[in-house]
1. Work from the charge dipole of the stretch 135-307 (Cβ charges, +1 for Lys and Arg, -1 for Asp and Glu, about the Cα centre) and give the residue of Ile294, Ile205, Gly186 farthest towards its positive end.
2. Order these peptides, 307-319, 48-60, by their mean beta-carbon neighbour count within 10 angstrom, highest first.
3. Which whole-Hz couplings ³J(HN,Hα) result when phi for each residue of the stretch 144-157 is put into the Karplus expression 6.51 cos²θ - 1.76 cosθ + 1.60, θ = phi - 60°, listed in order with x for Gly and Pro?
4. Which order results if Thr247, Thr17, Thr211 are arranged by neighbouring Cβ count within 10 Å, fewest first?
5. Assign one of three labels to the stretch 127-172, namely rounded, prolate or oblate, based on the Cα gyration tensor with a ≥ b ≥ c the square roots of its eigenvalues; rounded applies when a/c is under 1.5, prolate when it is not and a/b is larger than b/c, and oblate otherwise.
6. Report the full-extension gain for the segment Ala175 to Glu45: residue separation times 0.36 nm, less the Cα-Cα distance, to one decimal in nm.
7. Return the sequence-ordered ³J(HN,Hα) values of the stretch 76-84 in whole Hz as given by the Karplus equation 6.51 cos²θ - 1.76 cosθ + 1.60 applied to θ = phi - 60°, using x for Gly and Pro.
8. Once fully extended, how much extra length lies between Phe207 and Gln60, figured as 0.36 nm per residue of separation less the alpha-carbon to alpha-carbon distance?
Amino acid sequence: MAKKVKSPFVGIDLGGTKVLAAIVSPKGRVVARAKNLTPDREGPEAVIAVVTETVRQALQKAEVKPDEVAGIGIGTPGLVDASTGIVRYAPNLAGWDEVPLGPALHKALGRPVIVGNDVDVSTFGEYAVGAGAGCNSVVGIFPGTGIGGALILNGRLHTGMRGSASELGHIVLMADGPLCGCGRRGCAEALASRTALERDLRAAIRFGQETALRDLIDDSDDHIRSGVLAQAARMGDRLMLETLQRTGYYLGLLAGSIVNVIDPEMVIFGGGLIEACQEWLMPTIRNTARQYFINRLDIDRVKMETALLGDDAGVLGAAMLARSTFGEK
């Protein structure tokens with residue numbers, strides 16, 4: 001039997017479809033994992049019960065007792081008050097308004113709990129044990145349905161006075177541009193999110209533009225899978241390559257603007273779209289961002305990298321956030 005980990009942390013990734021829990025060593029090694037489906041339509045109590053059970057399953061696999069855990073971290077969608085552990089609002093979970101997630105898990109599991117926004121937590125994982133390890137200031141940009149963002153300044157998550165910092169997807173890049181889901185126009189999300197990319201592709205197909213995507217996608221599908229996008233790009237499909245070029249341009253413009261404000265050591269891009277299409281997106285992102293840097297000195301010192309932790313980013317980030325809050329630094 002493997003040597004037992006001393007004072008491990010629990011990391012939880014609460015998503016709209018699944019709950020992941022991991023037992024993590026203080027140095028960031030995953031000891032055991034457990035996964036269950038999220039009862040997203042059944043309300044907060046049902047979700048919290050599944051989260052609690054998933055943690056207990058992971059603890060059992062790791063042969064760790066709850067009272068041996070140094071602390072618990074959890075990343076969740078939505079707006080979070082980290083000081084109280086309350087999820088103010090989570091649009092992808094039914095009935096999640098002012099839900100005391102942290103206090104409820106503390107009561108159920110008996111250990112201290114820190115709650116963070118999911119993108120904040122994933123970026124913290126990359127900062128602590130992933131692409132940003134060794135850096136002191138990191139920006140996370142995660143294009144998906146929207147564009148999630150996170151700021152780590154001087155080794156600490158910057159969440160703002162009201163917990164609503166890092167809304168990078170709502171930086172306006174084009175006045176009077178496309179309508180964003182927030183109701184405003186020209187936000188980065190309306191130009192460079194996965195949703196925007198799919199909107200532009202489907203519009204081009206409807207207008208009759210020739211593309212290999214016609215044979216690769218089903219019109220009944222809600223989303224075009226990232227693997228399909230990458231397949232079309234590898235085929236040299238003109239529409240796909242032009243759309244990725246445009247998406248990379250706006251993501252680079254966003255990154256360059258953020259660098260001019262924050263001057264971080266690293267900007268980390270993550271998510272399924274980046275992972276699948278980084279070969280075409282990242283060169284454009286890097287080149288565009290650097291064109292817009294105000295400080296032209298030592299521009300290569302500002303690194304722009306892709307996330308490394310994959311599906312473990314959420315649980316590792318949550319565990320490392322718990323370590324920074326409750327345990328050794």
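Taken together, the values in this text are just the output of simple stated rules run on the coordinates, not laboratory data. Source: prediction; values computed, not measured. Neighbour counts are summed over all protein chains in view; Cβ atoms, including those assigned to glycine, are modelled from backbone coordinates with ideal geometry.
1. Ile294
2. Top of the packing list down: 307-319, 48-60.
3. x, 4, x, 10, x, x, 8, 10, 10, 10, 6, x, 10, 5
4. Working: Thr247 25, Thr17 8, Thr211 20.
Placing the least packed residue first, the sequence is Thr17, Thr211, Thr247.
5. Oblate shape, in that a/c is at least 1.5 and b/c is the bigger or equal ratio.
6. On the way: separation 130, 0.36 × 130 = 46.80 nm, distance 4.24 nm.
Extra length available between Ala175 and Glu45 comes to 42.6 nm.
7. 9, x, x, 8, 10, 9, 5, 5, 10
8. Numbers: separation 147, 0.36 × 147 = 52.92 nm, distance 5.56 nm.
Stretched fully, the Phe207-Gln60 segment lengthens by 47.4 nm.
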